[in-house]
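Student: Structure in C-alpha cells, see below.
The values are calculated or read from the model by the stated rules, or taken from the named source; none is laboratory data. Every value quoted in this text rests on a predicted model; they were computed, and no experiment measured them. Don't worry about glycine lacking a Cβ; one is built from the backbone with ideal geometry, like all the others, and counts go over all protein chains shown.
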2 protein chains.
Amino acid sequence: MARLKGFQKLTSINDALKTWFDLLKINRCSIKRIPLSEAFGRVLAEDVFAGEDIPRFNRSAVDGYALRSENTEGTSQFDPTVFKITEAEEIALNQTRQVWTGNPIPQGANAVVMLEYTKEREGKIEVGVKLAWGKNVSRKGEDIRKGEIAAKAGTRLNPFHLGLLATLGIMEVEVVEKPKIGILATGDELVEVGEKLSGNQIFETNRIVLSNLCRELGAIPWNLGIEKDDVKAISEKLRAGLEKADGVITSGGTSVGGLDLVPEAVNNLGSPGVVVHGIAMRPGMPTALAVLQEKPVLVLSGNPVASVIGFEVFARPLIGKMLGVKTEVSRTLVRAVMTKKVIAALGRKTFVRVKVVRKNAEFLAHPVSARGSGAISTMTRGNGFVIVPENREGLLEGEIVLVRVFGDLEVLS
Amino acid sequence: MARLKGFQKLTSINDALKTWFDLLKINRCSIKRIPLSEAFGRVLAEDVFAGEDIPRFNRSAVDGYALRSENTEGTSQFDPTVFKITEAEEIALNQTRQVWTGNPIPQGANAVVMLEYTKEREGKIEVGVKLAWGKNVSRKGEDIRKGEIAAKAGTRLNPFHLGLLATLGIMEVEVVEKPKIGILATGDELVEVGEKLSGNQIFETNRIVLSNLCRELGAIPWNLGIEKDDVKAISEKLRAGLEKADGVITSGGTSVGGLDLVPEAVNNLGSPGVVVHGIAMRPGMPTALAVLQEKPVLVLSGNPVASVIGFEVFARPLIGKMLGVKTEVSRTLVRAVMTKKVIAALGRKTFVRVKVVRKNAEFLAHPVSARGSGAISTMTRGNGFVIVPENREGLLEGEIVLVRVFGDLEVLS
C-alpha cells in the first residue's frame, strides 16, 4: 500500500528542469529584424549600444537665461546681479542669453537661471539666486554616452525601452521569433465548449487557458484539438504537431492509476521520449517531460489547476529559454502576510493559491478556500500563489511569504 | 520673483482629476460581443453568472474506488476492510466500484479511496485507511454554483477567467470597445526618428512611448504626427483628431515660460477648453487637462519623463474609466526599503524613479541617479517609482515605501 504506487520516485522540480533542458539543447528561436514601432513586448535578440551621446549637445533643461555661474557668487534676493541680454554666440561675464528648454547652451555659459527667478528691465535681467556650475544644464552624454549599452539582449521591450532606442535614432531592432507551441487536449469525456453535454462529459477548457498563458509570454499557441483516449491517435496528433511547432503541450492522460496514455503515445514516437514522469509537486504530480526530435513535449495533467501549475513550473521557463529571457523575473513577487495557516505535504513543493489584498502599506495573503481545489475558479478567486517548500508541512498564520502574482491586486480601504 | 510666475496656483492631482472627470461626463466606451477565444486581455462589459452548477454532478477527484465512508470506521493498515467490487448503479455497504478521475460517483457512495491505498484480490479490494465523508469527491456546485457570479463587469480577462467561462459553456462575451486615442507631438525642434538631425533638432520619441503605454492599457493609439510650434496648425490637428478619436494626448508646448501654444490651440477650439493647467507634481508641473466636445484632451509636457509621469497620473485613470476598469489595481505595488535618501519638493507629489531588486524575501529600492533626470533612460535603468507626498521633503534611507512597478524585477543572489 505504498503512497506512490505508480511513480517509483518523484523528481524535484529543479532536477526535472535540468534533465529536460540538458536533453533539449534548446537554442533560442531564430531572430528577425522588425520596425521599432512593432517591437513592443518583443524580446531583443542583440545588445543595442548608443551610437552617440544623448543629449547630443549641452542643452537647457528649463526656460530661462544662460549665464556664467561664477557671475552669481554672492548673489541673493537682496543683492541681485544684473546681466546684459545678448544674442551673441559666446557669453562673456555679465552677459546672458535667453534659452528655451532643449536649446543648446551658448559658448561660455555653464548654467541657466529659470525665467521665474529673473526680472527683465530694458535689455537687462536681474538674477536673485546663486547658481551652481551646471545648474539646469543637461550635459552632453549625461543621459547615455556613446558606446554605452542602451538595452541588453533578452530584454522584453517596454514602452520606455522603445523611447530610449528612438532617442538614439534606431528604427529597427532584431527580436527573437515567437515560439510556436502546439496544444493538444486528450480525454474521452471532453467536448468542445458549447456543444451538447451528456453523461459524464465536460467541456474542454484547458486549451483556452494554456493558449492564452502562451500568448501572455510571447509564444504563439497552435490549437491541435481534442483527441480521444487512444494511444495511436494521440501519437499521430503529436507527430503532426511536432512537425510544425517548436514544442507541444498536452493535457490529460498522464495519471498512472488508470490510463497513462500520453506518455505511452510520446514514447511510441521515438527516443528519448519521456525523460521525467512524476514530479515532487502538488498539484501537478503526474506531469511528464519529454523530448522528441530535440523538441520539448510537456505532458500536463488534465486537472485544470494542475495543468496551470505545471505550465507555470515548466512551460514558463521553457518559453523564456526559447525567447532568451531570464525566467526569474517573469512574475511579480509581493511580500505578504498569511492570514490563515495552510497545510501542505512534506516532500513536495505545494502551490497554494491565495488572494492578496493591500491594506495601506501592508499586503495580506488569504488562502483561497479548499472548496473545489481542482477548479479553475480558485485561480479567478485568487490572484497569486505561494510555494511551500518540500521541507515544510505548511504555512503559519502571520508568516511572511512571497506571493507570485498573476492577477490584479485589490485594495482594502 | 515668485517661484511660479506662470501658474497662479498649482492644482493637486486629485482635484485636477475630479475637475476633469466631472466635466467629461465620461461614459464607458460602447460594448461589443466577441468570441471567448479572442477575449484575452479585454475588459468584460457585463457581469457573467453561472448558468449551472460546476461540477455538474458529484465526481471523483482521483482514480480509485467509490464506497461508503461509514464502512471504513475503525479501519487501519493493520485491520483493513474488504469491499466487493461491483458494476452496479448503486453501492451498498461493503461494496465498491472503480472510478477514474472525473467519473460520476455512483449512488450510495460518498467517498473515494485512492487506487494507491488499495490492494485488489479476486474481485475484492482491501482498504487500509479510514475515509471521511466526501473524501476525494468533487461535489456538484463546489466549484461554482448556479446563479453565482463567475466574472464581474470591469474584469480584465486573464487566461483563468477564460477557463472558468469556458467551463460554463460560454462561447461569447460582451467586452468594452478599445478607446481610440489620438497622439500628437508638437515642437519646431522635433524630427521623425531616423531623419537627418541638424542644429538643435532632436528625434521625436514621445509618440512611440505614449502609443505603447496606450496599447498596454488596452487602448488603440492613433498617430497624429508632429506639428510645428504654430497655434493654428496645432488647433487644426486637434480638431481633426477629436473628430475620429475618443480623446487626444499631446506632448510639448505646455510650458508657461516661453511658449504656451497647445493650451492656446485647445482654447481656440471651444469651451470649456483647458480646465486645469499647472499640477502640484514633479515632474509634469506644466501638464494641462482640457475638455472639448465632452472629449478629453491631455496636454503633456514635451520632456520625455514628465510626459510619461503625466500619462501615468492622468491617462491611466482616464483609459481605465473609458474601459470601465478600476484604476487602483493597474500597477503592481511592491513594498521595498529605500537604500538611499531622496530629496523632494514640499507642496508637490514627487515621482522618484527607483530600481527595485529582490534579495531573498526583501525588496530594495535604489533611487535611479539624478544624472539625466529628464531622460527616458531613467525609466529603463529603473523599474518603478515611488510617490513622495506633498507634505514630505523627501524619503529617508531605510524607509519602507510602496513602489509602483513598471518593469521586470531583478533578483540578487
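Student: Give the residues of region B:328-350 that are modelled with pLDDT of 90 or more, within 14 Å of chain A (Cβ to nearest Cβ) and buried (at least 22 other Cβ atoms within 10 Å of the Cβ), sorted by residue number. Even if it seems obvious, please write down each step before you answer.
Tutor: From region B:328-350, those modelled with pLDDT of 90 or more are B:336-344, B:346-350; that's our starting set.
Among the residues that remain, those that are also within 14 Å of chain A (Cβ to nearest Cβ) are: B:336-338.
Of everything in region B:328-350, those that are modelled with pLDDT of 90 or more, within 14 Å of chain A (Cβ to nearest Cβ) and buried (at least 22 other Cβ atoms within 10 Å of the Cβ) turn out to be B:ALA336, B:MET338.
Student: Moving on. Run down A:GLY382, A:GLY347, A:GLY324 and say which single residue is of a type outside the set (Asp, Glu), at positive phi and in contact with a Lys or Arg (Cβ under 9 Å, 6 or more places away or on another chain).
Tutor: Exactly one of A:GLY382, A:GLY347, A:GLY324 is of a type outside the set (Asp, Glu), at positive phi and in contact with a Lys or Arg (Cβ under 9 Å, 6 or more places away or on another chain), namely A:GLY324.
Student: Right, next: Considering each residue of region B:96-150, count those that are in contact (Cβ under 8 Å) with a residue 40 or more places away in the chain, surrounded by fewer than 17 Cβ atoms within 10 Å (Cβ to Cβ) and in a strand (DSSP E or B), and give that number.
Tutor: 3
One line per residue, one yes/no per condition, for (1) more than 30 Å from A:GLU52 (Cα to Cα); (2) of a type outside the set (Phe, Trp, Tyr); (3) more than 12 Å from chain A (Cβ to nearest Cβ); (4) free of Cβ contacts under 8 Å to residues at least 24 places away in the same chain:
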{"site": "B:ASN158", "(1), (2), (3), (4)": "yes, yes, no, no"}
{"site": "B:GLU177", "(1), (2), (3), (4)": "yes, yes, yes, no"}
{"site": "B:VAL231", "(1), (2), (3), (4)": "yes, yes, yes, no"}
{"site": "B:LEU242", "(1), (2), (3), (4)": "yes, yes, yes, no"}
{"site": "B:THR254", "(1), (2), (3), (4)": "no, yes, no, no"}
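Student: Can you name the condition, by its number, that A:PHE363 falls short on among (1) in contact (Cβ under 8 Å) with a residue 24 or more places away in the chain; (2) over 18 Å from A:GLY310 (Cα atoms); (3) more than 9 Å from chain B (Cβ to nearest Cβ)?
Tutor: Going through (1) in contact (Cβ under 8 Å) with a residue 24 or more places away in the chain; (2) over 18 Å from A:GLY310 (Cα atoms); (3) more than 9 Å from chain B (Cβ to nearest Cβ) one by one, A:PHE363 breaks only (3).
Student: When you go through (1) touching a helix residue (DSSP H, G or I) at 6+ places or on another chain (Cβ under 7 Å); (2) over 26 Å from B:ASN391 (Cβ atoms); (3) surrounded by 19 or more Cβ atoms within 10 Å (Cβ to Cβ); (4) in contact (Cβ under 8 Å) with a residue 60 or more places away in the chain one by one for B:LEU318, which number turns out not to apply?
Tutor: Here B:LEU318 clears every test but (1).
Student: While we're looking at this one, here's another question. What residue, of A:VAL266, A:VAL325, is within 12 Å of another protein chain (Cβ to nearest Cβ), among the β-branched types (Val, Ile, Thr) and buried (at least 23 other Cβ atoms within 10 Å of the Cβ)? Quick ask: steps written out before the conclusion?
Tutor: Numbers: A:VAL266 fails: within 12 Å of another protein chain (Cβ to nearest Cβ).
Unique residue meeting the criteria: A:VAL325.
Student: Can you go through B:ILE249, B:ILE181, B:ILE226 and tell me which one is part of a strand (DSSP E or B), closer than 29 Å to A:GLU116 by Cβ and in contact with a Cys (Cβ under 9 Å, 6 or more places away or on another chain)?
Tutor: Numbers: B:ILE181 fails: closer than 29 Å to A:GLU116 by Cβ; B:ILE226 fails: in contact with a Cys (Cβ under 9 Å, 6 or more places away or on another chain).
Just one listed residue meets the conditions, B:ILE249.
Student: If we only count strands (runs of 3 or more DSSP E) wholly inside region A:1-87, which ones have 1 or more residues that are more than 30 Å from A:GLY273 (Cβ to Cβ), away from every other protein chain (no Cβ under 11 Å) and within 23 Å of the chain's Cα centre (by Cα)?
Tutor: A:31-35
Student: Being modelled with pLDDT under 90, under 30 Å from A:ALA109 (Cα atoms) and of a type outside the set (Lys, Arg) narrows it down to one residue among A:GLN77, A:GLN95; which is it?
Tutor: Going through A:GLN77, A:GLN95 in turn, just one is modelled with pLDDT under 90, under 30 Å from A:ALA109 (Cα atoms) and of a type outside the set (Lys, Arg): A:GLN77.
Student: Between B:GLY134, B:GLY102, which is under 19 Å from B:ILE54 (Cα atoms), out of contact with any Asp or Glu (no Cβ under 7 Å at 6 or more places or on another chain) and within 13 Å of chain A (Cβ to nearest Cβ)? Give the steps one after another, and end with the answer.
Tutor: Values: B:GLY102 fails: out of contact with any Asp or Glu (no Cβ under 7 Å at 6 or more places or on another chain).
Being under 19 Å from B:ILE54 (Cα atoms), out of contact with any Asp or Glu (no Cβ under 7 Å at 6 or more places or on another chain) and within 13 Å of chain A (Cβ to nearest Cβ) holds for just one of B:GLY134, B:GLY102, which is B:GLY134.
Student: If you check A:THR186 against the conditions, is it touching a residue at least 40 places away in the same chain (Cβ under 8 Å) and facing another protein chain (nearest Cβ under 7 Å)?
Tutor: No; evaluated as a whole, the condition is false for this residue.
Student: Only one of these is farther than 30 Å from B:SER198 by Cβ and surrounded by 21 or more Cβ atoms within 10 Å (Cβ to Cβ): A:PRO159, A:PRO179, A:PRO80. Name it. Show your work before the answer.
Tutor: Numbers: A:PRO159 fails: farther than 30 Å from B:SER198 by Cβ; A:PRO80 fails: surrounded by 21 or more Cβ atoms within 10 Å (Cβ to Cβ).
One residue alone meets the criteria, A:PRO179.
Student: On to the next question. With A:GLY6, A:GLY64 as the choices, which residue is crowded, with 16+ Cβ neighbours inside 10 Å and modelled with pLDDT of 90 or more?
Tutor: A:GLY64
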